[in-house]
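**Student:** First the structure, then my questions, so here it is.
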Amino acid sequence: CDMGALDNLIANTVYLQARKSVDGDIKEMRKRRQSLALPSHQQSESVRQNIDVVFENVCEKQPIGKKLFHLFTETVPEYQVAVDFENEVMDFCLAENGVKDNLRQNIVTNFLKPDSKNYLAFLSQELADKCKDAAENNFEERLALARSEAKTFLMGRPFEDFQNSPFFTKFLQWKTFERQPITEKYFYQFRVLGKGGFGEVCAIQVKTSGKMYACKQLDKKRLKKKHGEEMALLEKEILEKANSRFIVNLAYAYENKNDLCLVMTLMNGGDLKFHIYHIGERGLEINRTIFYTAQIACGILHLHSMNIVYRDMKPENVLLDDNGNCRLSDLGLAVRVKGSKTISQKAGTNGYMAPEILKEEKYTYSVDWFALGCSVYEMIAGRTPFKDYKEKVSKDEVKRRTLEDEEKYEHPKFTEESKDICKLFLAKNAEERLGCRRENDDPRNHPFFKSINIQRLEAGLIDPSFVPDPSTVYCKDLGDIADFSEIKGIEITGQDKQFYKTFSTGAVTIPWQEEIIECGLFDELNDSTRRESKIGGMVN
Ligand code: ADP
Ligand code: MG
Ligand code: MG
C-alpha cells in the first residue's frame, strides 16, 4: 500500500473516531470544562446596552434566552400556565392526524374550562366563552387566537419581571460568554472534506463541547489576488442570517494567520450528485426524491423570505447529514434583492440556468425554481433535462436546448405527479412557472408532496428513509483533493486586516447557544456555584 493511501486511511480513521466519540473523550472534555465559568455579573453589565431587549428576540429566537425565560416562569405558577399552554398548542399543531382529537380534548380540559386546574385567567371573556368546545368546527382558529393572547400576556408583566430577575442577569452573563474571541485554539482539526475555490474544507471539533463542524477556509492571499473579499463577506452574512434546518448554518467566523474561516454544520453524508451517480443504480428512489425536494423547497423558500436568490441550486450543492436530512450549501452565488429591483448579472451553473438568465434578461427568485426543476428531473432520471449523463456538448447547445426544446419524460421512473411538477418548474416563461405564478405560490402544495406533512417536516419530525452509513466517508480520498499552490507577491495591508476583523465576528448566536445546550454546558455552568472567573476560560 502506497504512502498516499496510508495517509488517507489514517486520516479517515482518526476522523471516523472523532465522529463516533462525540461523548468519547469525556475525561479530557471534563477536564477542560472544569476550568470554565460564566463571566461575572460585573463583567456582563456592559453587554446590556448591546442587546435588543425585545420579547421575540430574547425569549423566542435565542435558545438560551428561551430556556432562562422558561426557568423563570416556572417560579410563578400563573406565568407557567401560559407557557405550558403554548407548548401544548404547538404539540397539537404538529401532531399527526390520528392523535389530534385527543390532544384537542386535553387542551380544553386542562386550560380552557373555567373549572380547569390550569385555567387561562388572562383570556378575554369573549374568547374564553368560544373556546370551551373542542368539537366546534372553527376550534383551531380560536385556539390560534388564544395562543396569541397567551403570547401578549407573556410579553407584558412576565417579561418585565423576567428582566428584573436573576435569570436575566444569567442571560447577560451567557451573552458575554458568547462574545468571547474565537481562535483556532478553540477547535481540534481533522481531515480535509473537500476543496473550495479559496481553500480547503476540513472537519473540526469544538474542544469544550465535542461538537463537530465543517470549516471552510478562505486563504487570505488567494482571496485578495482573486478579489473575492466582498463575495466572501456576503456569503458569510447570508449564512449567518439564514437560520434554517434546510440550509447549512454558520456557527463561527474567525481568522488564523493565513485564512478566514467559516465554521458550518457538518454534512457527513455526501452531496446528492454523489448519491445520484455513484451509489447503486443511477438516479434516486422516488420517495427519497420527494423527501429531498420538499426539504430543498423549504430551504429555497427560507432564502426567498429573506430576499435572497440562491442562484446555485443543483444536486452537488445539496449535502446530507448523518441522519439523512439535507441542506443547501455553498451560498457563494447568492445575492440580495433590494426592494422591487431585479438582477441582470449572468450567474449559475451550466445545465441548471433558467431561460431568463441565458437570455440575459432581468430576473429574481424564479431562477431557483427552474434549477430545482432540473434537479428533480436529475434525481429521477439520472441525467439533467437538457444534457445527458457524460454527454459531451457545448454550453451554447445546452443553452439552445434550454431555450427551445421540450424535455422528454421517457424514463420509467417518472410518475404522473413527478412529471407534472418537473413540467411546471421547467416552464420556460417565468410567469408560468411553479413558485412564480402569483404571490405566495408555494410549490410544496403540489400533489407531488402529498405523502409529506410539511409542518412536521419543517419541525424536523419526519425521519428520512435513507440514512447514510456511519462508517463510510462520503468524500473523495485525500490524494484526489488537489493541493493549493502557494500565492506569491501579495502584500497584506492595514486595510486588509481591518476587513479580516469585520469578517471574524466569532460565535453566531443561535447555533452557539444550541451547541451549549446540546452538549450539557448550559446545565453545568448555569447552576454551578463555581467561582465566577474571567472571560476566556473557554479559549485554551
Ligand atoms: P466553494 O464555494 O469554494 O466551492 P464549497 O462551499 O462548495 O466551496 O465547499 C467545497 C467543498 O467542501 C464541497 O464541494 C464539499 O465537498 C465540501 N463541503 C462544503 N461544505 C461542507 C459541509 N458543511 N460539510 C461537509 N462538507 C462540506
Ligand atoms: Mg462549491
Ligand atoms: Mg461557492
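**Student:** What about Ile296, is it closer than 24 Å to Lys428 by Cβ, within 16 Å of ligand 1 (Cβ to nearest atom) and not in a loop (DSSP other than H, G, I, E, B)?
**Tutor:** Considered against the rule, which asks whether it is closer than 24 Å to Lys428 by Cβ, within 16 Å of ligand 1 (Cβ to nearest atom) and not in a loop (DSSP other than H, G, I, E, B), Ile296 comes out as yes.
**Student:** So Glu316 fits all but one of (1) surrounded by fewer than 24 Cβ atoms within 10 Å (Cβ to Cβ); (2) more than 13 Å from ligand 1 (Cβ to nearest atom); what number is the exception?
**Tutor:** All conditions are met except number (2).
**Student:** Still on this structure, please answer the following. Residues in region 211-237 that are under 14 Å from Ala251 (Cα atoms) and either away from ligand 2 (no atom under 16 Å from the Cβ) or of a type in the set (A, V, I, L, M) (or both): how many?
**Tutor:** So the count comes out to 5.
**Student:** Of all residues in region 255-270, count the ones that are within 15 Å of ligand 2 (Cβ to nearest atom) and either under 21 Å from Val508 (Cα atoms) or modelled with pLDDT of 95 or more (or both).
**Tutor:** Qualifying residue count, region 255-270: 3.
Per-residue answers, yes or no, for (1) under 25 Å from Glu229 (Cβ atoms); (2) more than 16 Å from ligand 3 (Cβ to nearest atom):
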| residue | (1), (2) |
| --- | --- |
| Thr349 | yes, no |
| Glu356 | no, yes |
| Tyr363 | no, yes |
| Ala371 | no, no |
| Cys374 | no, yes |
| Met379 | no, yes |
| Arg383 | no, yes |
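**Student:** Restricting attention to region 385-437, and to residues there that are among the aromatic types (Phe, Trp, Tyr) and over 19 Å from Pro447 (Cβ atoms), which single residue is surrounded by the most Cβ atoms within 10 Å (Cβ to Cβ)?
**Tutor:** The extreme case among them is Phe386.
**Student:** Of Lys185, Lys170, which residue is surrounded by fewer than 19 Cβ atoms within 10 Å (Cβ to Cβ) and either more than 30 Å from Met29 (Cα to Cα) or of a type in the set (D, E, K, R) (or both)?
**Tutor:** Within the list Lys185, Lys170, the selection yields Lys185.
**Student:** Also, quick follow-up: Taking region 378-430 on its own, how many of its residues are of a type in the set (Val, Ile, Thr) and in a loop (DSSP other than H, G, I, E, B)?
**Tutor:** 2
**Student:** Being more than 13 Å from ligand 3 (Cβ to nearest atom) and part of a loop (DSSP other than H, G, I, E, B) is the filter; apply it to region 328-342 and report the residue that is nearest to Met313 (Cα to Cα).
**Tutor:** The residue in question is Val337.
The values are calculated or read from the model by the stated rules, or taken from the named source; none is laboratory data. These numbers come from a predicted model, not from an experiment. Neighbour counts run over all protein chains shown; Cβ positions are idealised from the backbone, glycine included.
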